[in-house]
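Shown next, in structure tokens, is the structure this report addresses.
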Ligand SMILES: C[S@@+](CC[C@H](N)C(=O)[O-])C[C@H]1O[C@@H](n2cnc3c(N)ncnc32)[C@H](O)[C@@H]1O
């Protein structure tokens, strides 16, 4: 029965995979075609069997698509907040190596901080699943993450920020073209957004792995938090409550969703619409991207 459900899951993912392989938007600007992307996916799939990961290979494919879509002219790095043993990091590092970008991996490397009451249990309403969080959950050492990257990914493109996000993400000093936040807690998400969003290029995305958690996703619709903290309107969140349509398990969906900086290219291109990033860095022109679609969209 488990074999059948895994088989049907893989078969039903074929359209999503074909779109990744054949879309020229994904990697075309780097000369990366279907054959190289297939090679990347095979490595992703193998790695998810070698290194424990709390995310899914289709989600890694969506993240890779987001990296490969950013034109080479847009400068910036990829950031991962929350790596555990490095299962998602190894695959992100391979995608970064393909396009010559650096991957900044941020984690306490001692697991979750002590959660406040509102972060101790999160209900994923649509699948009826409750996650419980406590201090030290998902602890894994920096040495283990590095050795997994060395064996299965590309350690050379990686930099590390060690410590809790309220300290390490303040005043992030690099431009960002894609971020993957897999940090479980609302109180962990906030410092990551405060640090990353102002440095995110126009039209680029912050992906979050807690798409099914309504109270956490609600932050992306909290107009007063965004206005006060980041000086702009709330961006909303694609995939709220259900996740991007990447796979079928108990339902179509995933645990992954995203917020995009500037909703549409015409907004990104509008010179009269300064953003927190351009305001924070006077003289830096927003670089509009083509309007990207989720790999499974
Ligand atoms: C669910 S795990 C990440 C799983 C990984 N992305 C994967 O796909 O296998 C969450 C990670 O977030 C880290 N984390 C959560 N809150 C944190 C905080 N406030 N500061 C630093 N690290 C934090 C934990 O240490 C843990 O490694």
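Using a ≥ b ≥ c from the Cα gyration tensor of the chain (square roots of the eigenvalues), is it rounded, prolate or oblate, where a/c under 1.5 gives rounded and otherwise the larger of a/b and b/c decides, a/b for prolate? Mind showing how you got there, number by number?
Values: a/c = 1.29, a/b = 1.09, b/c = 1.18.
Taking the square roots of the gyration eigenvalues as a ≥ b ≥ c, the chain is rounded.
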inquiry  = Counting other beta carbons within 10 Å of each residue's own, what order do 207, 84 fall into, fewest first?
reply    = 84, 207
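Arranged by the count of other C-beta atoms within 10 angstrom, fewest first, what order do 219, 103 take? Don't skip to the answer; put the middle values down first.
Details: 219 18, 103 27.
By the 10 Å Cβ count, ascending, the order reads 219, 103.
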ask   = Per-residue ellipticity at 222 nm for the chain, helices alone: DSSP H runs ≥ 4 residues times -39500 (n - 2.57), over residue total, nearest 500 deg cm²/dmol?
value = -10500 deg cm²/dmol
request  = Kindly rank 195-204, 159-168 from highest to lowest mean number of other beta carbons found within 10 Å of each residue.
outcome  = 195-204, 159-168
query = Where in segment 196-228 does the amide nitrogen come within less than 18 Å of the point 7 Å from the Cα of residue 159, taken along Cα to Cβ?
reply = 196-201
Footprinting exposure proxy for 14, 67, 32, 105 (fewest neighbouring C-beta atoms within 10 Å first) = 14, 32, 67, 105
remark   = Output row, site residue 121, 7 Å Cα→C-beta label point, backbone N cut-off 20 Å, window segment 214-233, residues 214-218
Cα centroid separation, segment 127-163 to segment 1-50 (Å) = 23 Å
query = According to a simple spin-label model (label point 7 Å from Cα along Cα-to-Cβ), what is the distance in nm between residue 214 and residue 166?
reply = 2.8 nm
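If R₀ is 35 angstrom, what is the calculated FRET efficiency for the pair residue 144 and residue 228, using the beta carbon separation as r and rounding to 0.05? Spell out each step's value before the answer.
Numbers: r = 39 Å, r/R0 = 1.10.
FRET efficiency, residue 144 to residue 228: 0.35.
Where a number appears in this text, it was derived from the coordinates with a stated rule and is not lab data. This structure is a prediction, so every number in the text was calculated from the model and none was measured. Cβ: placed from backbone, ideal geometry, glycine included. Neighbour counts: every protein chain shown.
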